[in-house]
1. Taking the condition within 14 Å of chain D (Cβ to nearest Cβ) and either more than 16 Å from ligand 2 (Cβ to nearest atom) or free of Cβ contacts under 8 Å to residues at least 24 places away in the same chain (or both), does residue A:389 pass?
2. Looking only at the range B:183-226, filter to residues that are hydrophobic (A, V, I, L, M, F, W, C) and either outside the structural domain of residue B:158 (by the TED database) or not in a helix (DSSP H, G or I) (or both); which one of those is farthest from ligand 1 (Cβ to nearest atom)?
3. Of everything in the range A:222-259, what is at the interface with another protein chain (Cβ under 9 Å from one of its Cβ atoms) and farther than 23 Å from residue A:98 by Cα? Give them in sequence order.
4. The conditions are (1) more than 7 Å from chain D (Cβ to nearest Cβ); (2) surrounded by fewer than 23 Cβ atoms within 10 Å (Cβ to Cβ), and residue A:68 fails exactly one of them. Which is it?
5. Could you pull out the residue among C:98, C:40 that is open to solvent by less than 10 Å² (accessible area, probe 1.4 Å), at pLDDT below 90 and either more than 10 Å from chain A (Cβ to nearest Cβ) or in contact with a helix residue (DSSP H, G or I) (Cβ under 9 Å, 6 or more places away or on another chain) (or both)?
6. Of the residues B:395, B:438, B:445, only one is surrounded by fewer than 19 Cβ atoms within 10 Å (Cβ to Cβ) and within 15 Å of ligand 2 (Cβ to nearest atom); which?
7. In the range B:21-57, which residue that is over 22 Å from the mean Cα position of the chain (by Cα) and not in a helix (DSSP H, G or I) is surrounded by the most Cβ atoms within 10 Å (Cβ to Cβ)?
Amino acid sequence: MTVNLASFLYLVSGVLFIMALRGLSHPTTSRQGNLYGMIGMGIAIATTLALATPSAGRFGLIVLGLAIGGGVGAVTARRIAMTSMPQLVAAFHSLVGLAAVMVAAAAIYAPESFGIGTDGDIHAQALVEMSLGVAIGAITFTGSVIAFLKLDGRMSGKPIMIGGRHVINAALGVALIVLIVLLVTTESKLVFWLIVAASLVLGVLLIIPIGGADMPVVVSMLNSYSGWAAAALGFTLGNLALIITGALVGSSGAILSYIMCKGMNRSFISVILGGFGGETAAAADDGIERTVKQGSADDAAYLMMNAQKVIIVPGYGMAVAQAQHALREMADKLKANGVDVKYAIHPVAGRMPGHMNVLLAEANVPYDEVFELEDINSEFAQADVAYVIGANDVTNPSARDDKSSPIYGMPILDVDKARTCLFVKRSLGSGYAGIDNTLFYKDGTMMLLGDAKKMTEEIVKAMDH
Amino acid sequence: MTVNLASFLYLVSGVLFIMALRGLSHPTTSRQGNLYGMIGMGIAIATTLALATPSAGRFGLIVLGLAIGGGVGAVTARRIAMTSMPQLVAAFHSLVGLAAVMVAAAAIYAPESFGIGTDGDIHAQALVEMSLGVAIGAITFTGSVIAFLKLDGRMSGKPIMIGGRHVINAALGVALIVLIVLLVTTESKLVFWLIVAASLVLGVLLIIPIGGADMPVVVSMLNSYSGWAAAALGFTLGNLALIITGALVGSSGAILSYIMCKGMNRSFISVILGGFGGETAAAADDGIERTVKQGSADDAAYLMMNAQKVIIVPGYGMAVAQAQHALREMADKLKANGVDVKYAIHPVAGRMPGHMNVLLAEANVPYDEVFELEDINSEFAQADVAYVIGANDVTNPSARDDKSSPIYGMPILDVDKARTCLFVKRSLGSGYAGIDNTLFYKDGTMMLLGDAKKMTEEIVKAMDH
Amino acid sequence: MDQTLQKALDQLDQASAAVRLAVQNLANAPGGAEAAGDAAHALSGGAIDPFVFRFAIFILAIFVGYYVVWSVTPALHTPLMAVTNAISSVIVVGALLAVGIAASGVAAGFGFVALMLVSVNIFGGFLVTQRMLAMYKKKDK
Amino acid sequence: MDQTLQKALDQLDQASAAVRLAVQNLANAPGGAEAAGDAAHALSGGAIDPFVFRFAIFILAIFVGYYVVWSVTPALHTPLMAVTNAISSVIVVGALLAVGIAASGVAAGFGFVALMLVSVNIFGGFLVTQRMLAMYKKKDK
Ligand SMILES: NC(=O)c1ccc[n+]([C@@H]2O[C@H](COP(=O)([O-])OP(=O)(O)OC[C@H]3O[C@@H](n4cnc5c(N)ncnc54)[C@H](OP(=O)(O)O)[C@@H]3O)[C@@H](O)[C@H]2O)c1
Ligand SMILES: NC(=O)c1ccc[n+]([C@@H]2O[C@H](COP(=O)([O-])OP(=O)(O)OC[C@H]3O[C@@H](n4cnc5c(N)ncnc54)[C@H](OP(=O)(O)O)[C@@H]3O)[C@@H](O)[C@H]2O)c1
């Protein structure tokens, strides 16, 4: 295969990746989009093999590597629970980061094979590109590992604040720059590994001060990083597929981070500086007597069966309790009874963008019953019941009314406009932002204290009576 | 200047052109966008001069050319009436088309200077790219000239149907391909000029059968062509700015053509095949007795001054009559009287996309009072008066209700939902599509027959009484 | 000896001719020589025909154009037509080159005509767009 | 005569060395030589550093990425994260190269590790996305 044909095929695979993301603009085209992505990856792999024409032994090694990795990947993909998506994505990112480091190491140990010069005489430009790639890759690796551990609950979500960490980070950053200059001048492999080491440490230090609940933003940011690392190595290898894909992934992660920060009305900087969302504040105790109206599953069933319009607002608690299937059953009962049922999704409900949508989809809720904030918010005023299940912050009216609230300005779902607001959660405790929700004490609110799944199942049972 | 720096600067100017179009996504950023465009063009010119380092004499020639052309352009831009925008754009396109032909001719007469080989030994690839560029350029040139003549009324808008034109066009197309192959094999300059000649003829033949009213689609299509011609020459000259810009312009024209065809509910093919909109049909005479309620300026003034909400629907007749300033005065009077006034713009109102918007803007109508079809259509039901000025097809209910109508399926403004519908036009004649408008005979409609500007001025006067 | 010398000199001539040819080949057709050769070096792109890159740029620019134009608000479609027309006159780089350095007078002449035509567009296009855009105002009172 | 011959041969050596150097220069640093030279030829791009093209492709791809990701519907943001993760494993081309043809065994070893890691992503990423997307259904009854 000539290099020109190969480059052209790499371009084709880059374009197929663009088409893959393009397909995600609508659920009906999304499956085809994913297929484009697979074809693009297949073309990239086949092209590389046709170009490199490895010996039989090496070819066997390649098949072996693909088989081992592919097997692990396939099994993981089949087994993983939908509620574990955030940590799965974090884990996968760490792999890409480490792979980028390994590829760069291979290139520096066998520069002729990669066409970037000869041992001891590697092109300076390639060295710069490579060290950028390897540094970003290493940061992605350890950063994602920490994010995974925090999301998976294997490490406390508490922010870990090391004294003087800003100074240490700055020093590491400067050290990295010095090391990169050193690498270009000396081409020493030791310097290369020092860059790797410094970046690995930096990755850890950057992520540990960030609270567990902020991890989704971090994961998305690391996604962006892995894209930039891929693009940097794409420059070294002169590979169009890598350059295009790197830019796509880089943009994608950055945009998702932006969307999340905007949905939470926080600045990206404040997220990165960390220390938020570690402890869960108890209900504020300001001395004012507050009464809560508590209800039972029977009350809830009665209210909803006699309603004309019910809007369901799922939140993180639904994911924790895995209540989506029970919820779907409840909605079916209501619809069978002639009640108009819709779902309202806040942009940052749950713990990652689109988290609720994927869980509802898993429970077979048709996506045309699921609405975004702007599209449904005006309908709460006409709803008889808002059934809030495991959501909290995204309904907190202080974001709308109380200028002193830390979440003031964050858009919220106006569930308080509904005639009755049913709140399913286990306690009067706060959500991710650690802020008391005044809605619990409102007249039209009825608290259904308990696990989201159990409570919903009880309501379903009560509806049968 | 090194070629690498130059290429980088060409990329910068390409990016600035992207930013220019991006700016047009909103009126507030649009002026800045235009500025980006100018800077991009300045960088492209400066880079080329720095790279080519012409002799003093040649430099003088360049300044002369820029001054003459620039002067003509600047004066034209200052003097042209806003209502003549369609023909101005057509005229400008023809210049780009001809310039593309000239540049290609220069390249073939001095191939070494353009780095595409030596006389008699030009790279085959460059010849193919060039002949594509020159053919598209020449078609753009004559096509745009015809479009200009038809739009400017210097040539009848009637479709000119030559017998067997499809055969002739196909023959010319085949001839073009043969000539291009010949050019690559012989490099004869005669063949080059034959390609130019055939394309010029093809440009004329393609456009004359298309009716004057379809010219906007044609202009947009030619805009697209001029982009592809520029891109083809960009490949020959290896110029990034040309390649990027060509693709941008090519997409832009194609998308606008698509939007227009969709707004008219016609297929692009049927537009190109021509023969539509030449003659203006008289009001259909189907034997049914139909009565028309005619009103005076005083009636209209009274109705509107006592209304709560008036929606103004401008159309092509407003542009013909130059009634936008009078209209604005009328709206001011109404607003001063506490009436809620809005403007509703159909996507294909007038004779080019955005035609009405630019005229209203000229008359100082703030753009936040001007709404698009989807955003305002539901409001007609709450409006007391719909003031339809020189619009016709875009209000015709048969597009909505009559399956046999040629415009069935075209989205329309629901002016018939308003309590009263005032129709300002000179007769009961039809509009561009040549279809009778049943709205004229409806109960709630009052016809205000007369020139749009005069009638509106009279209404303004009547409002003072 | 003279013969030996002559032979040596002849060989020198031949050799240098061959080398010159090789250099030319290398300079004119980078890529051709390596095509069958070192795939790895090729991967690094040193030998890729610039056409491939240009084509990639062209394809990506079409994607950008598609999205950027769809994001233009319909109210500004007329200025859009004017401004795309203006920027399409970047063909001026070809005209400048022809006037500036074309070896043939005829070519320079063609270039001059192209330059004049396209200058009308550059100035006319941007200025008329500016004039139009200046008219779009927000409600201020 | 012998001396003359010797001298001629020496010169031949020197000349060929010089030519070899020139060839190397030409091969390694295309562009450098012409920089000051024929601007017109340069314009045709024969001499442009591939880095410039790659950079252009990178910049345009960022624009495409920006638009294409903004057009993703929020309901599919979780699959978006999964699929971008999957496609970022196109870094596999580097791993394949290292395993396939790296001259050094160490390099091939690194490549093998990278290949395994990234294969997990390729298969895992696309399959989990497929699993998720298969769940998004329209109302059918
Ligand atoms: N989606 C994203 O991309 C993203 C990213 C970063 C941050 N965030 C943040 O995450 C928050 C999301 O808001 P949200 O309203 O979805 O969640 P939330 O405000 O975190 O509230 C979740 C609620 O669910 C309840 N809960 C937990 N487990 C439960 C169970 N098994 N059964 C019933 N209830 C249970 C908890 O109350 P009890 O303990 O009383 O049961 C908690 O108050 C926002 O503050 C947002 O800024 C989201
Ligand atoms: N905007 C675009 O991009 C575009 C492109 C291609 C085609 N078109 C087509 O153009 C049409 C546009 O619809 P439209 O409703 O704006 O226009 P229209 O249907 O063409 O009607 C314009 C009306 O204005 C009246 N008129 C003309 N001069 C007048 C004057 N001086 N004073 C008062 N009235 C005058 C005419 O009636 P009288 O003769 O009775 O006065 C005519 O019926 C659509 O059919 C569309 O498909 C638009």
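1. no
2. B:208
3. Answer for the range A:222-259, where residues must be at the interface with another protein chain (Cβ under 9 Å from one of its Cβ atoms) and farther than 23 Å from residue A:98 by Cα: A:255, A:259.
4. Failed condition: (1).
5. Numbers: C:98 fails: at pLDDT below 90.
Checking each option against the conditions leaves just C:40.
6. Numbers: B:395 fails: surrounded by fewer than 19 Cβ atoms within 10 Å (Cβ to Cβ); B:445 fails: surrounded by fewer than 19 Cβ atoms within 10 Å (Cβ to Cβ).
So the residue among B:395, B:438, B:445 that is surrounded by fewer than 19 Cβ atoms within 10 Å (Cβ to Cβ) and within 15 Å of ligand 2 (Cβ to nearest atom) is B:438.
7. B:54
Each row is one residue, and each column tells you yes or no for (1) touching a residue at least 12 places away in the same chain (Cβ under 8 Å); (2) crowded, with 20+ Cβ neighbours inside 10 Å; (3) of a type in the set (Ser, Thr, Tyr); (4) more than 24 Å from residue A:266 (Cβ to Cβ).
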| site | (1), (2), (3), (4) |
| --- | --- |
| A:149 | no, yes, no, no |
| A:156 | yes, no, yes, no |
| A:166 | no, no, no, no |
| A:181 | no, no, no, yes |
| A:188 | no, no, yes, yes |
| A:198 | yes, yes, no, yes |
| A:211 | yes, yes, no, no |
| A:222 | yes, yes, no, no |
| A:233 | yes, yes, no, yes |
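The values are calculated or read from the model by the stated rules, or taken from the named source; none is laboratory data. Note that the structure is predicted; figures quoted are calculated from it, not measured. Methodologically, a virtual Cβ is constructed for each residue, glycine included, from the backbone with ideal geometry; neighbour enumeration extends over all protein chains shown. What goes into the accessible areas is simple: the full protein's heavy atoms, side chains included, and nothing from ligands, DNA or RNA. Shrake-Rupley method; radii C 1.70, N 1.55, O 1.52, S 1.80 Å.
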